[in-house]
Amino acid sequence: MGSDPVVCIIGAGCSGFTTAKRLRDAGIRYDCFEESDDVGGNWYFDNPNGRSACYESLHIDTSTTRLQFEDFPAEGNWPDFPHHTLIHEYFRDYVEHFGLRETITFNTRVDNARRTPDGRWEVRLSSGESRQYDALVVANGHHWDPRTPQYPGEFDGATLHSHSYRSPFSPVDMRGKRVVVVGMGNSALDIAAELSHRSIAEHVWVSARRGVWVLPKYRGGKPADKLMMPPWMPKKLALRLARKAIKSNVGAMQDYGLPEPDHEPLSAHPSVSIDFLAKAGSGDLTCVPAIERLEGPEVVCADGTKVEADVIVFATGYKMSFPFFDDRELQPDTEHRFPLFKRIFKPGVDNLYFAGLAQASPTIVNLAEQQSKLIAAHVAGEYRLPGAAEMQRIMAQDERKHLGQYYNTPRHTIQLDFARYVRDLRREIVVGRKRATR
Ligand SMILES: Cc1cc2nc3c(=O)[nH]c(=O)nc-3n(C[C@H](O)[C@H](O)[C@H](O)COP(=O)(O)OP(=O)(O)OC[C@H]3O[C@@H](n4cnc5c(N)ncnc54)[C@H](O)[C@@H]3O)c2cc1C
């Protein structure tokens with residue numbers, strides 16, 4: 001990279017605009033392109049770009065203290081788990097406070113990004129214009145491209161993915177309907193609990209391949225994510241203590257009429273909901289096994305159970321997608337794997353950075369704020385990457401550290417233990433600065 005590099009940032013969700021702020025603080029020139037007419041990405045309800053999965057009742061699962069930006073704390077009177085409108089307002093305030101709005105080009109999509117023979121990036125915009133950059137930051141989010149399972153047979157009723165669910169009445173009016181919600185992740189639990197109110201659906205069935213541990217948002221009156229084990233504690237011990245605390249706090253899932261999980265707590269990305277447990281225990285929703293096939297008005301499950309239903313809501317997650325790359329090397333593989341060094345760098349392409357591309361527990365909101373420290377140091381030439389072999393060794397080690405506790409599934413390929421990751425990043429920046437000065 002030259003001495004005065006110019007960077008392109010794709011996206012002005014929280015990952016894009018916090019990276020923009022850091023680059024600007026470091027005196028690095030950039031252009032940030034945002035497809036929508038405002039910042040906020042997923043947290044901009046009814047985002048005209050069609051990429052927000054916010055539903056009217058959505059409250060963030062991450063507590064305020066864990067999600068806030070370190071250089072822009074949330075106001076003291078915030079609730080523990082803010083509504084999505086407050087999160088969007090907070091993002092807009094951040095952007096205004098740091099004077100970033102005028103540095104973002106709105107209503108402009110990056111349609112294509114390709115490496116030129118001299119290793120720079122050529123970016124084609126939806127305006128038809130092409131520009132060249134020394135480096136590219138991809139902050140396009142990874143909760144917008146729905147993953148919808150296919151089953152044999154036909155279903156007579158309505159189907160939708162949780163991505164398009166806005167309320168029990170939109171886009172499908174589910175009052176008095178028999179609804180099957182597929183999945184037991186966070187959106188599935190929220191939507192199933194909401195629909196299962198007696199004044200809304202006639203009945204709700206939740207279909208899943210396996211039982212999950214449903215974790216309450218609070219433990220002993222405190223947001224549970226505030227009580228996570230500290231990163232200095234050996235991982236094995238931290239996991240043992242956390243699992244014990246969860247079991248004594250929530251008890252067995254069968255006590256609520258839910259299927260017994262085939263794994264330990266925290267071996268899957270946490271599914272968090274107070275409401276869901278109460279609704280299950282109240283008999284307002286029923287769990288059934290995975291769907292095997294569809295037969296007209298009926299949903300047939302793996303154990304032979306037949307559910308006559310009017311609507312299926314697929315809360316079955318998302319794919320990582322980078323539609324602006326033609327290069328196959330810059331796409332995840334068929335197992336949804338996309339290994340990156342420190343979840344930022346694609347080995348061999350060292351002027352390309354991914355921001356916010358992780359399923360970090362307890363939050364993704366301020367993940368890129370942390371990553372941008374390393375990104376800015378690298379663009380400025382103050383941080384140097386390790387050699388190829390060392391990079392592979394560290395990637396394998398990190399993968400064991402962050403993915404080791406989870407069962408193997410495409411859902412768990414980009415998990416991160418946030419606190420441990422942030423500590424590692426700090427160390428990596430120090431080590432990389434030494435490499436740069438050597
Ligand atoms: C229902 C739901 C609940 C969630 N709850 C939590 C939670 O409790 N805690 C948590 O930490 N996270 C949660 N998340 C995860 C959420 O993705 C992150 O909080 C956050 O939105 C990630 O920000 P981002 O900037 O990486 O991506 P996004 O918010 O998706 O923003 C990406 C931006 O990039 C823009 N963009 C994309 N492609 C282009 C292009 N080609 N050209 C120009 N612009 C482009 C988009 O328009 C968008 O504005 C939740 C997600 C969902 C779907």
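The values are calculated or read from the model by the stated rules, or taken from the named source; none is laboratory data. Everything quoted here is computed from the prediction, not taken from an experiment. So basically every Cβ, Gly included, is an ideal-geometry build from the backbone, and we count neighbours across all protein chains shown.
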Inspect all residues belonging to the range 90-102 and state whether any of them is of a type in the set (D, E, K, R), touching a Ser or Thr at 6+ places or on another chain (Cβ under 6 Å), at pLDDT 95 or above and not in a strand (DSSP E or B). no
Within the range 250-294, restricting attention to residues that are out of contact with any helix residue (DSSP H, G or I) (no Cβ under 6 Å at 6 or more places or on another chain) and among the small types (Gly, Ala, Ser), which residue is surrounded by the most Cβ atoms within 10 Å (Cβ to Cβ)? Ala268
Inside the range 91-123, can you point out the residues that are in contact with a helix residue (DSSP H, G or I) (Cβ under 7 Å, 6 or more places away or on another chain) and basic (Lys, Arg)? Arg101
Can you tell me how many residues in the range 206-238 are crowded, with 19+ Cβ neighbours inside 10 Å and either among the small types (Gly, Ala, Ser) or in a helix (DSSP H, G or I) (or both)? 5
Please determine, by comparing only the residues of the range 25-53 that are hydrophobic (A, V, I, L, M, F, W, C) and in contact with a Lys or Arg (Cβ under 8 Å, 6 or more places away or on another chain), which one is surrounded by the fewest Cβ atoms within 10 Å (Cβ to Cβ). Phe33
Given the structure, is Arg22 crowded, with 20+ Cβ neighbours inside 10 Å, of a type outside the set (Ser, Thr, Tyr), at pLDDT 95 or above and not in a loop (DSSP other than H, G, I, E, B)? yes
Between Ser271, Ser248, Ser267, which is outside the structural domain of Arg66 (by TED's automatic domain parsing), under 24 Å from Ser167 (Cα atoms) and either of a type outside the set (Asp, Glu) or touching a Phe, Trp or Tyr at 6+ places or on another chain (Cβ under 6 Å) (or both)? Ser271
Flagged in the range 10-31 as near the ligand (Cβ under 9 Å from one of its atoms) and within 18 Å of Ser127 (Cα to Cα), in numbering order, are Ile10, Gly11, Ala12
Of Gly304, Gly387, the only residue that is more than 16 Å from the ligand (Cβ to nearest atom) and farther than 30 Å from Thr148 by Cβ is Gly387
When both residues are 6+ apart or on different chains and their Cβ atoms are under 7 Å apart, which pairs have a first residue that lies in the range 357-369 and is closer than 12 Å to Cys14 by Cα, and a second that is hydroxyl-bearing (Ser, Thr, Tyr) and more than 6 Å from the ligand (Cβ to nearest atom)? Ala368/Thr18; Ala368/Thr19; Glu369/Thr18
